[in-house]
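A quick write-up on the structure given underneath.
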Amino acid sequence: MYCVYDSEVLTLFTSSLYLAGLVSSLAAGRVTTKFGRRNTIMLGGAIFLVGGVLNGAAQSIAMLIFGRILLGLGVGFTNQATPLYLSEIAPPKWRGAFNTGFQFFLGIGVVAAGSINYRTAKYSWGWRVSLGLAVVPAAVMTVGAFLITDTPSSLVERGKIDEARKALRKVRGSHVDIEPEMEELMNWSQNVNSVEQEEPFMTVFERKYRPHLVMAIAIPLFQQLTGINIVAFYSPNLFQSVGLGHSAALLSSVVLGLVNLVSIIVSSFFVDEFGRRFLFITGGIVMLVCQIAVSGLLAVVTGVDGRNDISKGKAVMVLVLLCIYAAGFGWSWGPLTWLIPSEIFPLKIRTTGQSIAVGVQFITLFALSQTFLTMLCHFKFGAFLFYAVWIAVMTLFITFFLPETKGIPLESMYVIWGKHWFWRRSTTRFKMAGGAFAVDTPNNGFAGKITFSIIISCIVAASSGLLFGYDIGISGGVTTMVPFLQKFFPDILRKAASSEVNMYCVYDSQVLTLFTSSLYLAGLISSLAASRVTMTLGRRNTILLGGTIFFIGGSLNGGAENIAMLILGRILLGFGVGFTNQATPLYLSEIAPAKYRGAFNAGFQFFIAIGVVAAGCINYGTAKHTWGWRVSLGLAVVPAAVMTMGALLITDTPSSLVERGKIDQARRALHKARGSSTDVEPELEELIRWSKIAKSVDQEPFKTIFQRKYRPHLVMAFAIPFFQQMTGINIVAFYSPNLFQSVGLGHDAALLSAIILGAVNLASLLVSIGIVDRFGRRFLFITGGICMFLCQVAVSVVLAVSTGVHGTKDISKSNAVLVLVLLCFYSAGFGWSWGPLTWLIPSEIFPLKIRTTGQSIAIAVQFIVVFILSQTFLSMLCHFKFAAFLFYGGWIVVMTIFIIFFLPETKGIPLESMYTIWGKHWFWRRFVEEEEAAQQNLP
């Protein structure tokens with residue numbers, strides 16, 4: 001099926017355009033400098049029009065190829081000049097949105113071409129119409145170009161000052177004072193001309209332009225290695241090969257184009273609000289997941305050799321995945337590949353840099369279009385994995401090497417390289433129009449330094465996450481052990497032995513779910529009580545109390561002789577977890593420096609993940625023994641003992657000590673945390689001032705928190721933990737052994753799968769720790785949400801196709817492995833987003849006087865939702881079947897939209913200044929009493 005369209009002559013027909021485009025795009029550097037952006041666009045349009053006429057009237061292969069070459073020459077000129085025109089003429093604030101217009105019209109062209117192909121395919125002369133109609137957009141664009149002015153930058157560059165002034169007045173408005181901008185353009189032009197003129201292609205290779213050159217080569221290269229244009233060229237061939245008819249295949253390409261078009265519109269709205277990097281990375285994650293899913297689906301359905309027939313249902317699944325893939329491309333690598341090279345270069349080499357970028361794009365396109373169908377024939381489904389690997393590489397490249405360019409004027413773009421961790425070594429100080437540029441270092445305020453004491457304190461406190469993690473991981477594994485089920489839940493074994501088994505309903509038992517969920521009901525109660533406990537006894541002592549209670553519960557569970565003893569132990573475990581889960585995030589947020597608060601707070605989720613993995617390994621090792629369940633449950637005492645003893649060695653947070661009136665101890669704690677050489681008095685005075693303000697308002701905290709001005713905080717305290725549980729991650733963790741055993745993996749393999757899921761989650765947490773204080777909380781929330789949503793939908797589809805609507809069909813091991821892979825991606829998405837950030841956000845947004853109360857509410861909401869879900873998940877899985885995963889997918893969409901519109905960024909803001917974010921937010925500012933905040937300096 002993969003080799004039907006493997007023809008070098010056919011690929012030469014398409015790829016000849018890109019070779020010609022390469023030549024003209026390199027020549028366009030001089031053309032745009034000498035004749036201007038507008039005139040280069042007109043030249044490209046005229047050449048393209050001639051090529052379209054030749055192609056429509058072609059009588060031989062030579063005439064066809066010649067027409068394609070002219071089309072390529074025209075496209076090379078327009079692709080080089082148009083992004084420059086858009087970036088130079090648009091206001092800096094909206095440059096991204098205007099520049100995406102180029103990709104938007106590119107998308108319209110793809111959709112229009114697909115629609116024309118669909119309508120003309122039935123006629124013998126249809127191909128002439130399809131090729132000949134290329135003259136229409138060329139004529140429209142060329143005529144339109146006569147009616148517009150060139151960019152002021154281009155006119156100044158060519159010495160046409162009066163025309164530049166007129167153009168600037170025309171685009172900025174007659175009532176706007178354009179002289180400052182005009183002077184800036186002239187200064188830049190004079191600065192460029194004052195430098196001894198060098199060949200621009202030599203200048204661009206100077207060391208100080210190394211970052212620009214790397215981006216001009218890497219960005220367009222990576223765009224083509226997403227594989228999107230290859231899919232667009234050959235989508236009719238591809239869909240016809242995978243089982244759709246000819247007409248349906250052409251229609252599929254139209255659908256792909258429409259999806260891409262819609263996502264470009266999305267990009268135009270978000271690019272100047274969330275920035276270029278955000279769109280690049282979210283799009284990359286979506287495309288990566290889809291490419292892997294397409295590869296896995298084709299491998300399972302058509303076989304390793306691609307010889308098996310593929311049903312129309314599976315072909316439609318390929319189309320759906322590629323539509324999601326096209327959407328990810330449409331809001332990221334599609335428009336941004338034109339934007340970035342057009343905005344990063346200084347004026348004197350801007351046209352040269354753009355020529356290089358477009359040239360790289362064309363040569364990559366040529367090489368790929370020449371080889372794709374052959375690669376598809378030989379690599380088969382592995383071709384999609386090839387592109388997936390490149391997508392992973394390019395996403396990492398963007399993450400670490402592309403600085404944000406949002407909102408920066410073109411004339412000031414040089415500053416971004418001097419501030420970048422890597423590129424600043426390549427950029428040198430050089431004279432600009434206003435003098436030398438230097439990199440400013442932001443003032444971090446108090447506690448910018450990380451000390452050994454802080455590291456140890458945070459590790460010890462965060463290790464309380466081992467308690468929650470160990471319990472999450474151990475419960476699901478124990479409930480698959482036959483000796484445990486024989487002693488406490490024999491009905492499960494009888495149901496599993498039944499001849500009429502629905503794969504989703506094997507573990508549907510309310511008593512079994514009560515075993516796990518009783519902990520969360522107890523945790524709900526203790527987390528609410530923990531508000532007063534942490535306020536009265538302090539954060540550290542509350543952690544100690546929780547560890548001690550958890551230790552007792554673990555001992556009872558390990559020695560349980562009946563169901564009552566088992567449940568009592570679980571309840572004590574719940575009380576312990578409730579106290580530690582409430583106090584630990586507060587401890588971490590209060591003691592960590594503001595600049596690194598996100599990373600230190602993520603340590604709590606990191607230890608939760610370690611607990612999950614450790615529990616999975618223990619379950620795997622003990623499952624074969626009749627006494628294995630006792631070891632698994634009883635070993636809960638180990639993390640409790642380690643954490644409790646460690647907590648004895650650390651000090652409480654300065655905020656907590658000041659709150660309880662222990663000023664001298666708070667001073668010593670600050671000296672220990674910030675370093676003996678640091679002057680801690682300013683920070684201590686700030687803490688004392690805030691404590692006095694909090695105490696001056698004599699009101700019950702649970703009443704205070706419901707005041708109107710704390711409405712934003714309260715909504716987040718409810719919404720964030722609620723949404724975390726509605727991702728379904730803890731349910732998957734509790735029941736992952738049951739789940740994988742149900743979908744076809746053996747008992748040992750099911751336990752091993754749970755370990756794999758935990759390890760993936762752990763690795764993604766390390767990613768979160770590294771970038772949460774660099775990219776911010778919102779970025780991680782949104783990227784994680786997108787990844788989880790796609791995986792939930794994919795799991796649902798795989799289960800529906802493999803086991804049938806009623807879940808009565810057997811599922812193959814290959815499909816079970818596919819479910820595992822998808823849930824690993826899902827677990828990774830959770831691990832860098834909703835996992836650690838659910839602990840972080842509530843612990844950092846509340847003012848001191850209601851901080852413990854707010855954290856208690858957040859933890860209580862979490863426990864009550866976990867309790868309800870753990871009580872109902874297996875019943876829901878039994879009745880909803882594969883749609884249970886769609887249920888969680890729907891919630892992930894809701895929560896991601898909530899984050900986009902309602903959660904302000906908290907990165908790097910000191911706890912004492914956190915109230916400022918609400919007054920600046922478009923929605924929450926209506927609830928914040930700004931006048932009172934100004935008068936009392938109180939949130």
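What follows is calculated from the coordinates using simple rules that are stated; it is not laboratory data. Remember, predicted model here, so these are calculated numbers, not experimental data. All Cβ positions, even for glycine, are placed from backbone atoms using ideal geometry, and neighbour counts span all protein chains on display.
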Q: May I have the convex hull volume per residue, in Å³, for the Cα set of the range 99-144?
A: 57 Å³
Q: Would you kindly calculate the translational diffusion coefficient of the range 555-632, applying Stokes-Einstein with the Kirkwood radius from alpha carbon pairs, for 4 °C and a viscosity of 1.567 mPa s, and quote it in µm² s⁻¹ without decimals?
A: 87 µm²/s
Q) What order do you get for 611-618, 904-911 when each peptide is scored by the mean count of other beta carbon atoms within 10 Å, highest first? A) 611-618, 904-911
Q) Which FRET efficiency value, to the nearest 0.05, do you get for residue 119 and residue 59 by plugging their Cβ-Cβ distance into 1/(1 + (r/R0)^6) with R0 = 35 Å? A) 0.90
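Could you tell me the relative contact order of the range 595-730? Use alpha-carbon pairs under 8 Å, at least six residues apart, and round to a whole percent.
11 percent
Just order 827-836, 652-661, 29-38 by mean Cβ neighbour count inside 10 Å, highest at the front, would you?
Taking the mean over residues of other Cβ atoms within 10 Å, the ranking is 827-836, 652-661, 29-38.
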Q.
Going by average Cβ density within 10 Å per residue, which order do the peptides 579-590, 773-784 take, highest to lowest?
A. 579-590, 773-784
Q) What fraction, in whole percent, of alpha-carbon pairs in the range 644-688 exceed 11 Å separation? A) 63 percent
Q.
Could you compute Rg(Cα) / (2.2 N^0.38 Å) for the range 847-911, with N its residue count?
A. 1.53
Q: Calculate the spin-label point distance for residue 702 paired with residue 900, positioning each point 7 Å from the Cα along the beta-carbon direction, and give it in nanometres.
A: 3.8 nm
Q.
Explain nothing, just the number: relative contact order of the range 109-177, from Cα pairs under 8 Å at least 6 residues apart, as a whole percent.
A. 17 percent
Q.
Given the options 587, 543, 553, identify the residue whose Cα lies farthest towards the positive end of the charge dipole of the range 512-618 (+1 on Cβ of Lys, Arg; -1 on Cβ of Asp, Glu).
A. 587
Q: Find the Rg to Rh ratio for the range 1-154, where Rh is the Kirkwood radius over alpha-carbon pairs and Rg uses the same atoms.
A: 1.02
Q) Given 5 Å bins starting at zero, what is the percent of C-alpha pairs of the range 66-172 in each, up to the one with the largest pair distance? A) 2, 10, 15, 20, 17, 13, 9, 6, 4, 2, 1, 0
